[in-house]
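Peer 1: Before we start, here is the structure in question, set down as structure tokens.
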2 protein chains.
Amino acid sequence: MNQMIQTPEWIKDAILYQIFPDRFASSERVTKPSNLEAWDAPPTVFGFKGGDLLGVVEHLDYLADLGITGIYFNPIFQSASNHRYHTHDYYQVDPLLGGNAALRELLDAAHARNIHIILDGVFNHASRGFFQFNHILECGAQSPYLDWFTIKGFPLNAYGDGKNLNYEAWWDLPALPNLNTDNPQVREFIFDVAEHWVRFGIDGWRLDVPFEIDDDAFWQEFRQRVKAINPEAYIVGEIWKPSQRWLQGDQFDAVMNYIQTRAAIAFFGAESLAPLDPGGGYSLLEPLDAVAFAQAIEDMLALYDWEINLAQMNLLGSHDTPRFLTMVEEDTSALKLAMLFQMTMPGAPTVYYGDEIGMTGGHDPGPRGGMIWDQAQWDMDLWHYIQATIQLRKAHPALRRGTYRTLLAAGKQVAFARTNDDEALLVAFNTDTAEATLAIPAENGAGTPQVLFGETLTVSLHDGVLTVKLPPRTGVVLLIAP
Amino acid sequence: MNQMIQTPEWIKDAILYQIFPDRFASSERVTKPSNLEAWDAPPTVFGFKGGDLLGVVEHLDYLADLGITGIYFNPIFQSASNHRYHTHDYYQVDPLLGGNAALRELLDAAHARNIHIILDGVFNHASRGFFQFNHILECGAQSPYLDWFTIKGFPLNAYGDGKNLNYEAWWDLPALPNLNTDNPQVREFIFDVAEHWVRFGIDGWRLDVPFEIDDDAFWQEFRQRVKAINPEAYIVGEIWKPSQRWLQGDQFDAVMNYIQTRAAIAFFGAESLAPLDPGGGYSLLEPLDAVAFAQAIEDMLALYDWEINLAQMNLLGSHDTPRFLTMVEEDTSALKLAMLFQMTMPGAPTVYYGDEIGMTGGHDPGPRGGMIWDQAQWDMDLWHYIQATIQLRKAHPALRRGTYRTLLAAGKQVAFARTNDDEALLVAFNTDTAEATLAIPAENGAGTPQVLFGETLTVSLHDGVLTVKLPPRTGVVLLIAP
């Protein structure tokens, strides 16, 4: 291990939950304006449902019951969009979410339950309403803020037909003017925002499209300044592709591990893969067999220092992808397998809100529906299954910090070991729709293993080979040593 | 006196100074962006010079030396315009001014010198960048904030050619969307802003175009909520015309007394009146003779309860008018006479920044030049004259709270008495370019009066008639009793 690389201890043990703030829960304590969409109506591109941070506070017991120890929030700062990636003011929590006071209450209540809070940092671009950009819109060439953006002409055609855009914007979207991070004052502004909220008490930053700020020195200083305030603050970049550049220990602690997401959908969902391009850095998914899947995981783990792998933000989908269940044509067994998989892998597993009760949704805005709170509509079996996988992960440090070794990959079966000084665990999956018998090399095996999780039809150990017979589309975790 | 009417005690004794924040003083402690206008270049409609609140802090000794006990600031909240009447965020002091921390320092430093701070409350309209308006611009009919404004169609044509405006705006200016104060949430928002800054420590609100919120109940609640926090907070409306409606004791304490301004320019500047329409509620000024002037003043004082007259915000010009000196073709004697006049009248006299050193400037943006800090360019005689009139007012409570009675008005001479239980003062003006002898009825006279201020060629008392011979274009204040 590279002694230079250090990631937060807590993230290695964390069970994360991703919340899209407008859609998780609405509190009666936050006054709302009048024109809101019905909570249970299909989500729309521009509509608001009125979720807020006090609603989250009021459901922390729910999350604690599920086993969650950290929440990643999509943006919460003042923004004129329901996803809030169009930041209007980086120092204000959106009034619809309850404002800064609601974040204060949330942080205090979450920390009292040992739940960490990660916020979404959207620093590449601001919005047309952002003060310094609005300043140029209003004052033209005489605004003192010209060099906060990259302006090519006046007046700015920000609200025109979108043609002949005369300033730099993310994907040439007029709504998203790029901040000019070559300007030292802009850099200082962003670093101050980052510091401010860490001082306020947040536990980490998820960085939106950080590769767009193509500047190692920028992210190095970002890390130094954030870690100077809280060395345990977590910095995770939204990068969908191999990310060695950013994961040398001097920039991010982790990335959103969509590489693992992609492999998990393609393998565990191979039987029922929907013809959906998941978007982002994904392309259209093709089914993976066990050999290709195991290789993909090995390749992924080889990309980074082990300290990074232990801190990765693993996930099965997000606000940017169709929901996992929708990706697999609503085959719940695929979701269960994938959930067990991420709970037994190094890196922090993440539950996208509502996945645990069986919510579905296609492309944006599909996966951003209002959280269903009517338990009659829940898939209770799924919920309990996920809760159990979380309890399993929490009970066994080897699943969180142990070494990883592939033991078997053949056809539709995979097995790997997670081992630390105290115990060796074997994780095995049968993704076939028929039962399967796995013959797994088990040199450390000492007697018949104990089943920690899942159902095995038979388990036996002979001559260093562990034979495990698994029902169709199930996974199992065995304690093989001591 | 109507026992119901109560105005703040401190304002009756105050000497006010109006500051246009971008133009008074710039501190090196406030980091500025790059594209600022030269401080001494003529002011422009859209340019910024970079004055700030710490610059004011650093010149409080200057103001204290002049005799100032209160400052009225043009708007200081975050706004994409150099005058800051286009509010972007009512809870943030503009970053160019040093942000909220600078206001904290200013309030503390000013209060330590017994200087009160009055802020400009711009509540009729917001701006295109104001969050709730920007929200509708970005989200259209699905914004929850539709009823914060009066919207007539989508998409908002806020940045188009200005034709077919599809929302209500002040004077149909697209940049200034009217807040819908019929919406209880908007009312609550405005009242909360008003309360917030009074709690923060400001001493009063000057209300921009308050007649546009044509709703007595609104301003009654505004007053109740502000006074509940600080009963001595001052509420002064920008109303250029007779304002009895708002000055019954249940809405404002005072208005900006442009009625007096207009009379003062027309009388003291009669010899040199520039052919300028001063703007606002003024029309083109015609010279006034002494009789008409005295009548105008009597009529003005009769409009309101005496408690109101003692609290009026008197002024000789503002950011909204050409500077006094420019109105009178730079005849400094007119400014001196008018300054002595307002220092001897009931109501708080106001010095518009820079008038005291002889700054000039025509219509907007003319009167908004950068304050001249090079004393070599000052009219030192004018400065000392104004300082002396302030000292005079401070030394004689009768000038601040005494009764007012016109004693003489003829040709180009006027005299009036200001009397309280302890003393009777006589104020006399000769606006002629030749010396003049005034024969003033002086029933209270007891021996030859003492000259408190100004120069008299002779003073004598015979048979209840005080004879005062004044040099050309001068005023005098005499102690006639006891």
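The values are calculated or read from the model by the stated rules, or taken from the named source; none is laboratory data. This structure is a prediction, so every number in the text was calculated from the model and none was measured. Note: ideal-geometry Cβ built from the backbone for every residue, glycine included; neighbour counts use all protein chains shown. The protein model used for the area step is the full one, side chains on, heavy atoms only, and it has no ligands, DNA or RNA in it. Shrake-Rupley method; radii C 1.70, N 1.55, O 1.52, S 1.80 Å.
Peer 1: Of all the residues that make up region A:171-198, how many are in a helix (DSSP H, G or I), more than 21 Å from B:Gly98 (Cα to Cα) and under 25 Å from the mean Cα position of the chain (by Cα)?
Peer 2: Summing the residues that are in a helix (DSSP H, G or I), more than 21 Å from B:Gly98 (Cα to Cα) and under 25 Å from the mean Cα position of the chain (by Cα) in region A:171-198 gives 2.
Peer 1: Of all residues in region B:398-426, how many are under 23 Å from the mean Cα position of the chain (by Cα) and crowded, with 17+ Cβ neighbours inside 10 Å?
Peer 2: So the count comes out to 6.
Peer 1: Scanning for something in contact with a Pro (Cβ under 6 Å, 6 or more places away or on another chain), at pLDDT 95 or above and either of a type outside the set (Phe, Trp, Tyr) or within 21 Å of A:Ala264 (Cβ to Cβ) (or both), does region A:434-447 turn up at least one residue?
Peer 2: The answer is yes, given that some residue of region A:434-447 is in contact with a Pro (Cβ under 6 Å, 6 or more places away or on another chain), at pLDDT 95 or above and either of a type outside the set (Phe, Trp, Tyr) or within 21 Å of A:Ala264 (Cβ to Cβ) (or both).
Peer 1: So for region A:151-158 (the condition being open to solvent by 10 Å² or more (accessible area, probe 1.4 Å), β-branched (Val, Ile, Thr) and within 14 Å of another protein chain (Cβ to nearest Cβ)), does at least one residue qualify?
Peer 2: The answer is yes; a qualifying residue exists.
Peer 1: If B:Thr474 meets every condition in (1) surrounded by fewer than 20 Cβ atoms within 10 Å (Cβ to Cβ); (2) touching a residue at least 24 places away in the same chain (Cβ under 8 Å) apart from one, which number is that one?
Peer 2: B:Thr474 satisfies every listed condition except (1).
Peer 1: Being touching a Leu at 6+ places or on another chain (Cβ under 9 Å), open to solvent by 20 Å² or more (accessible area, probe 1.4 Å) and away from chain A (no Cβ under 13 Å) is the requirement here; does B:His116 meet it?
Peer 2: Yes: the conditions hold for B:His116.
Peer 1: Here's something else I'd like to know. Output the residue which, of all residues in region B:130-140 that are touching a His at 6+ places or on another chain (Cβ under 8 Å) and facing chain A (nearest Cβ under 7 Å), is nearest to B:Gln185 (Cα to Cα).
Peer 2: Taking the candidates together, the pick is B:Phe131.
Peer 1: Of the residues A:Leu106, A:Leu146, only one is hydrophobic (A, V, I, L, M, F, W, C) and either modelled with pLDDT under 95 or assigned by TED's automatic domain parsing to the domain that holds A:Leu207 (or both); which?
Peer 2: Of A:Leu106, A:Leu146, the one residue that is hydrophobic (A, V, I, L, M, F, W, C) and either modelled with pLDDT under 95 or assigned by TED's automatic domain parsing to the domain that holds A:Leu207 (or both) is A:Leu106.
Peer 1: Which members of region A:53-73 meet the condition of being in contact (Cβ under 8 Å) with a residue 60 or more places away in the chain and either assigned to a strand (DSSP E or B) or in contact with a helix residue (DSSP H, G or I) (Cβ under 6 Å, 6 or more places away or on another chain) (or both)?
Peer 2: A:Leu66, A:Gly67, A:Gly70, A:Tyr72, listed by residue number.
Conditions (1) away from chain B (no Cβ under 14 Å); (2) closer than 23 Å to A:Arg400 by Cβ; (3) assigned to a loop (DSSP other than H, G, I, E, B); (4) not hydrophobic (A, V, I, L, M, F, W, C), marked per residue:
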position: A:Tyr17; (1), (2), (3), (4): yes, yes, no, yes
position: A:Lys32; (1), (2), (3), (4): no, no, yes, yes
position: A:Tyr85; (1), (2), (3), (4): no, no, yes, yes
position: A:Leu103; (1), (2), (3), (4): yes, no, no, no
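Peer 1: Among B:Ser127, B:Ser143, which is the only one that is under 26 Å from B:Phe211 (Cβ atoms), facing another protein chain (nearest Cβ under 8 Å) and crowded, with 23+ Cβ neighbours inside 10 Å?
Peer 2: B:Ser127
Peer 1: Here's a follow-up. Answer yes if at least one residue in region B:209-219 is away from chain A (no Cβ under 14 Å), in contact with a strand residue (DSSP E or B) (Cβ under 6 Å, 6 or more places away or on another chain) and open to solvent by 20 Å² or more (accessible area, probe 1.4 Å), and no otherwise.
Peer 2: No, region B:209-219 has no match at all.
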